[in-house]
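Structure, as structure tokens:
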Amino acid sequence: KAGVTQTPRYLIKTRGQQVTLSCSPISGHRSVSWYQQTPGQGLQFLFEYFSETQRNKGNFPGRFSGRQFSNSRSEMNVSTLELGDSALYLCASSLLGFQMNTEAFFGQGTRLTVV
Amino acid sequence: AQKITQTQPGMFVQEKEAVTLDCTYDTSDPSYGLFWYKQPSSGEMIFLIYQGSYDQQNATEGRYSLNFQKARKSANLVISASQLGDSAMYFCAMREAIYNQGGKLIFGQGTELSVKP
């Protein structure tokens, strides 16, 4: 069974540009969550999608957006990139997402560097 | 206020010895779940163990066990018989039921574990 796949693995962008990251969840999983990991702030929740609907959103500016497609694949977009957006972006998928003990399976992340 | 606190930024342990990684949490929700994840240098978060707030017994998964003390709001991870491959960052995380938090996980700052041969 294939795991969570995130593409690309590495990305270098210039300030002001926009970027789109992709996440393919485990087959059959309907919930996808996104997290930003930085040395200073640690792991922070961005948003969660379930059956193409955003169920939950973290405390990030509107420059961060996402969507989920009918096949559960998800994309997140960051517009007008800032240096502080440099981070490891992790995607997690789970079967349903709202059950307390549901394990979240993570991808290897996309490392974004903004220069 | 920090919801998940991991007070040990870094720890060393000798190979084959046991080690305890500390985690305390803060929530007013009676229904919550606690997770431990391992993050090697490759970046992927690997699930280790889960403990539900209503679980009577401490969770165990192979060499991993969770020392759950509800009244103290602590959920320490115990790794028995440490191996060199256990060297990684370890994160404690919580999921709350309140306000339909869904899949959202709240993470601590992590503990970097180094296993010495």
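The values are calculated or read from the model by the stated rules, or taken from the named source; none is laboratory data. Small disclaimer: the values here were computed from a predicted structure and weren't measured. Cβ: placed from backbone, ideal geometry, glycine included. Neighbour counts: every protein chain shown. Areas reflect the complete protein model, heavy atoms only, side chains present, ligands, DNA and RNA absent. Shrake-Rupley method; radii C 1.70, N 1.55, O 1.52, S 1.80 Å.
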Query raised in the report: For the residue pair B:Gln69 and B:Glu112, what label-to-label distance in nm results when each label sits 7 Å from Cα along the Cα-to-beta-carbon direction?
Result: 2.8 nm
**Report entry** Table column - 3J(HN,Hα) (Hz), segment B:76-86, Karplus curve with 6.51, -1.76, 1.60, x for Gly and Pro
**Finding:** 7, 9, 10, 10, 8, 6, 3, 10, 4, x, 7
Report summary line: Of the accessible area of chain A, computed with a 1.4 Å probe and all protein chains kept, carbon and sulfur make up a percent value of 48 percent
Query raised in the report: Using the scaling law 2.2 N^0.38 Å as the reference, what is the normalised Cα Rg of segment B:1-84?
Result: 1.12
Query raised in the report: How much net charge surrounds A:Glu82 when only the other residues with a Cβ under 9 Å from the Cβ of A:Glu82 are counted, with Lys and Arg +1 and Asp and Glu -1?
Result: +1
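Measuring with a 1.4 Å probe in the full set of protein chains, what accessible area per residue, in whole Å², belongs to the protein assembly as shown?
Working: 10900 Å² over 232 residues.
In whole numbers, the protein assembly as shown has 47 Å² accessible per residue.
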Report task. Would you mind working out the magnitude of the charge dipole of chain B relative to its Cα centre, with +1 at each Lys and Arg C-beta and -1 at each Asp and Glu C-beta, to the nearest 20 Debye? Result -> 120 debye
Requested in this report: Net charge near A:Tyr49: determine it from the other residues with C-beta under 13 Å of the C-beta of A:Tyr49, scoring Lys and Arg +1 and Asp and Glu -1.
Outcome: +3
Query raised in the report: Can you count the Lys pairs in the protein assembly as shown with C-alpha separation below 15 Å, eight or more apart or on different chains?
Result: 5
Query raised in the report: To the nearest 100 Å², how much accessible surface do chains B and A cover up together, summed over both, with a 1.4 Å probe?
Result: 1900 Å²
**Report entry** Taking only Cα atoms of the protein assembly as shown, radius of gyration then Dmax in Å
**Finding:** 17.5, 52
Query raised in the report: Summing +1 for each Lys or Arg and -1 for each Asp or Glu, what net charge is found among the other residues whose Cβ lies under 10 Å from the Cβ of A:Gly58?
Result: +1
Query raised in the report: Expressed as a whole percentage, what fraction of the accessible surface of segment B:29-107 belongs to carbon and sulfur atoms when a 1.4 Å probe is rolled over the protein heavy atoms?
Result: 49 percent
Report summary line: If unit charges are put on Cβ atoms (+1 for Lys and Arg, -1 for Asp and Glu) and the dipole of segment B:28-117 is taken about its Cα centre, the option from B:Asn67, B:Ile106, B:Gln39 lying farthest towards the positive end turns out to be B:Asn67
